[in-house]
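Below is one structure, written out as structure tokens, with a few remarks after it.
The values are calculated or read from the model by the stated rules, or taken from the named source; none is laboratory data. Just so it is clear, the model here is predicted, and its values are computed rather than measured. Reconstructed Cβ throughout: ideal geometry from the backbone, glycine too, with neighbour counts over all protein chains shown. What goes into the accessible areas is simple: the full protein's heavy atoms, side chains included, and nothing from ligands, DNA or RNA. Shrake-Rupley method; radii C 1.70, N 1.55, O 1.52, S 1.80 Å.
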Amino acid sequence: MICFSFLNMKVGILYLFIVLTLLSCDEYTPKPKGYQRVIRSQVEDIKFSGAKFSFIYPGDACIESLISEAEPELWYSLHYKQYNATLHFTYIPLSNRNLNEILDDSYRLAYSHVSMAQGISQTQFSDSLHHTFGIIYDIRGSVASPVQFYVTDGISNFLRGSLYFDQMVKADSVAQVVSFIRKDIVHIMESLEWKNR
């Protein structure tokens, strides 16, 4: 009889402990993981004037001319140091190359990310004032280059660009930065002027 009541007392204390524990806890909801909000300050535009073309780019980026290993191509990099991102440009004169071949290369480069991408969308671009047309490729998912584009006059000039980050990133963590730079790309395409037209 003593054994039975001692066992009941242990079970009773255990039940009391569980009830008190459940009643004494505040409601706790874990916060989902988030990323720091990126706010871009207003910057002045700068006009870049190269040998074959000119365009306007944002003042929080700096442009660098690179030595091309593939003559007569011209290479440029637009660095966004605060975002650890670089927009790489390749200018190709069409005088000695077929436009369809270059367009196919551009398409292949954009769609080489298809195995890692969640989707690829294309946005057509056309500007009759500056005699240019092109495509912006938005590549969603954890890919090396989330935005690529080309712009050409279809006769003698072709400019291709691709955005890369300086380290491995998650698509969600850089979504705001990609959105900023995509707007810059559209502005570059809209302000692009060929020098040999």
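Couple of notes before you dig in:
- Selection within segment 48-64 - open to solvent by 40 Å² or more (accessible area, probe 1.4 Å) and under 23 Å from the mean Cα position of the chain (by Cα): Ile56, Cys62, Ile63, Glu64
- Filter result for Leu159 (touching a residue at least 24 places away in the same chain (Cβ under 8 Å), on the phi < 0 side of the Ramachandran plot and assigned to a helix (DSSP H, G or I)): no
- Long-range neighbours under 7 Å by Cβ, at least six apart or interchain, first residue exposed (fewer than 14 other Cβ atoms within 10 Å of the Cβ) within segment 166-184, second assigned to a loop (DSSP other than H, G, I, E, B): Asp166/Asn84; Gln167/Asn84; Lys170/Ser142; Asp172/Tyr35
- Within segment 170-187, being closer than 18 Å to Asp60 by Cα and among the polar types (S, T, N, Q) holds for Gln176, Ser179.
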